[in-house]
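Okay, structure first, notes after.
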Amino acid sequence: MKRLSFTVILSLLFAQTFATGLETIVSTNALSNSFPIVAQSKASNILYDENDFDGVKRAIRDLQSDIKKVTDLEPALNNKTSKTTIIIGTIGKSALIDDLIKNKKINVNGITGRWESTLIEVVQNPTTDIEQALVIAGSDKRGTIYGIYEISYQAGVSPWYYWADVPVKKKKDLYVKNGRYVLESPAVKYRGIFLNDEAPALSGWAKKEFGGFNHQFYEKVFELILRLKGNYLWPAMWGSAFNDDDKLNPLKADEYGVVIGTSHHEPLTRAHDEWRRYGKGAWDYTKNEEELKKFWRTGLERVADKEILVTLGMRGDGDEPMTEGTATALLERIVKDQRDIIKNVTQKPIEQTPQVWALYKEVQDYYDKGMRVPDDVTLLLCDDNWGNLRKLPDLKEAPRKGGYGIYYHFDYVGGPRNYKWINTNPIQKTWEQMNLVYQYDANQIWIVNVGDLKPMEFPIEFFLDYAWNPDAIPSEQLKNYTVNWAEKQFGGKHRNEIADLIDTYLKYAGRIKPELLNADTYSLTNYNEWARVIADYDVLLQKTVEIKSKLPQIYHDSFYQLVLHPIEANANLHHLYYAHAKNKLFAKQGRKSANQYAEEVEKRFKQDAEITNYYNNIMANGKWKHMMDQTHIGYTYWQQPDSNTIPKVIRIELMNKPGLGISVEGSEEFWIGKNVTGAKLATFNTLSQATHYIELFNRSNASSKFNIKAPKYIHLSKTNGILENDERIAVSINRNLAPKGISNSNIIISGNDGSRITVPVTIDNRYTEAKNIFVEQNGVISMEAPHYSRANHNRPFFWKHLEDYGKTAGGMTVYPSAVADQKLDSKTPYLEYDIFISNKGNYTLHTLVSPTLDFKNGEGLRFAVSINDEQPVIVDITKDDNKPGVWDKAVANSIKAFKTNFEFSKTGKNTIKYWMVSPAVVLQKLILDTGGLKPSFLGPEETFIN
């Protein structure tokens, strides 16, 4: 297994973000001995061997075209009269490259014989006819291709020039800096994407654009994968069959250099839909063994001479579990028979054909119960379809010859809810989970389900970059990664602002999938939660629109696709459900504004359709028609509705004479009438200097007048006025004027309808001095994980802050992660949080951690918490995962919450400690309930006093 020394770990903290492992070498400036791709209105020739791989020659033509797109000058191909020449070829396949090696003009030690490695070097006088050359030499076909596309990307042609309409960065001159540069072999051997859940969006678009999932469509996909330095594809399979729909599909994949596999339930290169087309009898090995063998054999014969990864095993028909009680022995026999087919068809030793067995869903249970496959087969481990790893290699087991891989998800169809509309995948979460994969050495295959491909552009590129070289992107460089990505797509002027937009949006979107969002997700009454979420989205959308207005027109389509659309669409969806939440509550309270929010729901629903129409039919002149066809409003269970369905709204009849009502923060109740009491505000702790609110509302068609009275130490944002709809009154305390100790006061609200409503207020003004400490507010002390008071590190362990990770401020976890559980002693890493307690008592600590699963083969994952110097209490975060509803709740809410009771025997300063026990547990938040915690999705805002 892979191990990282403490020295190596520290060095990663300061690593630069060169995701491919190659620094910036293409420039518009002529430096000493730099090579002129284009200079002084002249383009250097491109020289290659006609005997090289067809895929290499095709990529060379792309480079020729890319240089013309950037500079308006097109290099000549194989024109040997040029004194400056780009020489491209594959070692052992290109006589040009082999001669340079033979004549010691280039040194390919450390490259020859490696997997997908590249030398890029500026060479002086490589031949008698050439004064200077830019040499791109690949260790194999893809090594050469990656070198070609590296130059293209650095020159200004984004891999997303077609798939997201990213414009080419025009330049007059292009140079490559003098030097020798090496693209090292990737950390992960097979790196790719899975087109899945592709109807109606991708399938509708592909049919419109190409006539279906044919070779014209796949050529665009192959090129994108190679430009992103990927090499692996699971093709679309909902009613499609890659090898059968277009006989050129597998031929073109092999020409381009993309390795084709099939999904976890499609054995021996046969698409699932092919059984419907050609299968005879039942998909049941106990009843129909010979037909299944024939089906698999004839499927494999079509592509046995191509570069493929063969999926083994068998699930039920249609991506379902096999019959309950399936015997492990039967599955082992199926795999053995499949391997016999492979050996007979290929006429090669079985170990020479790469094979993979996916431990997906119930198949992992078979493995856990003892099923085994031969050592040369790659075991493809899987996440839970929601980005949480289910299993990693056992640290105690010997390495496998075939190694391990991971099947990951950015898109999913299944419980607790489909999610496939827009990108909701923060790269911080992907980094945290895939870094675990890397540390546990499951690095033979990384494949990610990307749904329709669009709109997953950003996380796709990150996933493939990270698979290439994880060491180049430590967590501390994730922000820089986003900044660099923004610059590559939109230029450098607004790169920082655009990166902030992307990271902020993905944090918001990662809290809950849009398909799970509804009126009840956030609280209207507690912690001002719904209003805060809406305000955050409004600010984000405003900033995004402002940035778009500053970008040149040529960037508008790509900016809309990659940045503005998901922000605009998700912000509008949140507004729709916010209005629905208000409509439902305000109708119960008899508010006039309930009818206005009914209209707002209808407006936002219509606006959602307009946003979709713009994306599909107007943007980029309708190029992406159908790509936003996924339904996303009106889910009632895991499966999508047939069409977007507007939430049901309520309209109420109003009286025509004045009518005043009030509600208070933290309650759905309301109060009307004369001499009314009971509308109590939360207790004000003057240490926190919190602001709470009273909401006045009109219950009639007529306007209402109001007047509010309170002691002078209670500050009100407004004391009188005319009420047409709703009026929120902010209430705060001047602690210098308020009575010392605990006191009770009243706020009295009067209306011209004769109403008189008394709101009692309790003020805790016992303590006036506290600094750099978490204090009580409304019976709660809320602590964001990264804002600890002190951190205890002990080598080789260190605490890592995962910035922008999770639902609120970030995450804290311990690295390295490929270690056993730790015993609790003085050397165990822990975090301390200083708090101020006003009263002694038994209080409940809520520890909020990421929804990580037990990937450690049944050992469980644990943390510990304690107060002051008391004995820590160990908590297992995975022990209840198999209980009904537990996992569903955790992934739907993107959090796991655990309660631990503690007896606080002293007032004033206390300390809460959070201890590392198991690796890979990520702390997001601590909440101490001292008697006032109320339900909410994000938890109360932090209660820190500085």
Notebook entry, point to check: Is it true that Glu223 is of a type in the set (Asp, Glu), on the phi < 0 side of the Ramachandran plot and either part of a helix (DSSP H, G or I) or surrounded by fewer than 18 Cβ atoms within 10 Å (Cβ to Cβ) (or both)?
Noted result: yes
Next item on the list: Please state which of the following conditions Ile867 fails to meet, knowing it meets all the rest: (1) over 19 Å from Thr813 (Cα atoms); (2) free of Cβ contacts under 8 Å to residues at least 24 places away in the same chain.
Entry: (2)
Check: Would you call Leu501 of a type in the set (A, V, I, L, M), modelled with pLDDT of 95 or more, part of a loop (DSSP other than H, G, I, E, B) and at negative phi?
Finding: no
Note to self: Looking only at residues that are hydrophobic (A, V, I, L, M, F, W, C) and surrounded by fewer than 15 Cβ atoms within 10 Å (Cβ to Cβ) in the stretch 607-621, which one is farthest from the chain's Cα centre (by Cα)?
What the structure shows: Ile618
Margin query: Is it the case, given these coordinates, that Tyr278 is surrounded by fewer than 24 Cβ atoms within 10 Å (Cβ to Cβ), on the phi < 0 side of the Ramachandran plot and aromatic (Phe, Trp, Tyr)?
Written below: yes
Notebook entry, point to check: Out of the residues in the stretch 876-891 that are in contact with a Pro (Cβ under 7 Å, 6 or more places away or on another chain) and buried (at least 19 other Cβ atoms within 10 Å of the Cβ), which is nearest to Tyr412 (Cα to Cα)?
Noted result: Val891
Item checked: Per-region count, the stretch 703-727, residues surrounded by 15 or more Cβ atoms within 10 Å (Cβ to Cβ) and in a loop (DSSP other than H, G, I, E, B) -> 3
Notebook entry, point to check: Looking only at residues in the stretch 370-421 that are among the acidic types (Asp, Glu) and part of a loop (DSSP other than H, G, I, E, B), which one is surrounded by the most Cβ atoms within 10 Å (Cβ to Cβ)?
Noted result: Asp411
Next item on the list: Name every residue in the stretch 879-904 that is among the aliphatic types (A, V, I, L, M) and touching a strand residue (DSSP E or B) at 6+ places or on another chain (Cβ under 9 Å), in order of residue number.
Entry: Val886, Ala890, Ile895, Ala897
Notebook entry, point to check: Of all residues in the stretch 336-364, how many are modelled with pLDDT of 95 or more, in a helix (DSSP H, G or I) and either of a type outside the set (D, E, K, R) or in contact with a strand residue (DSSP E or B) (Cβ under 6 Å, 6 or more places away or on another chain) (or both)?
Noted result: 8
Next item on the list: Scan Tyr218, Tyr153 and give me the residue that is surrounded by fewer than 22 Cβ atoms within 10 Å (Cβ to Cβ) and either of a type in the set (Phe, Trp, Tyr) or assigned to a loop (DSSP other than H, G, I, E, B) (or both).
Entry: Tyr153
Checklist line | Of the criteria (1) surrounded by 22 or more Cβ atoms within 10 Å (Cβ to Cβ); (2) of a type in the set (Phe, Trp, Tyr); (3) part of a helix (DSSP H, G or I), which one Tyr367 fails | finding: (1)
Notebook entry, point to check: Can you name every residue in the stretch 872-921 that is over 24 Å from Ser817 (Cα atoms), free of Cβ contacts under 8 Å to residues at least 60 places away in the same chain and assigned to a strand (DSSP E or B)?
Noted result: Lys899, Thr900, Asn901
Notebook entry, point to check: Of the conditions (1) surrounded by fewer than 24 Cβ atoms within 10 Å (Cβ to Cβ); (2) not in a helix (DSSP H, G or I), Thr424 fails just one. Which one is it?
Noted result: (1)
Check: Restricting attention to the stretch 253-288, and to residues there that are over 31 Å from the mean Cα position of the chain (by Cα) and of a type in the set (Lys, Arg), which single residue is farthest from Tyr190 (Cα to Cα)?
Finding: Lys287
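The values are calculated or read from the model by the stated rules, or taken from the named source; none is laboratory data. Owing to the predicted nature of the structure, the values given are computational and were not obtained by experimental measurement. In this analysis, Cβ positions are derived from the backbone assuming ideal geometry, glycine residues included, and neighbour counts consider all displayed protein chains.
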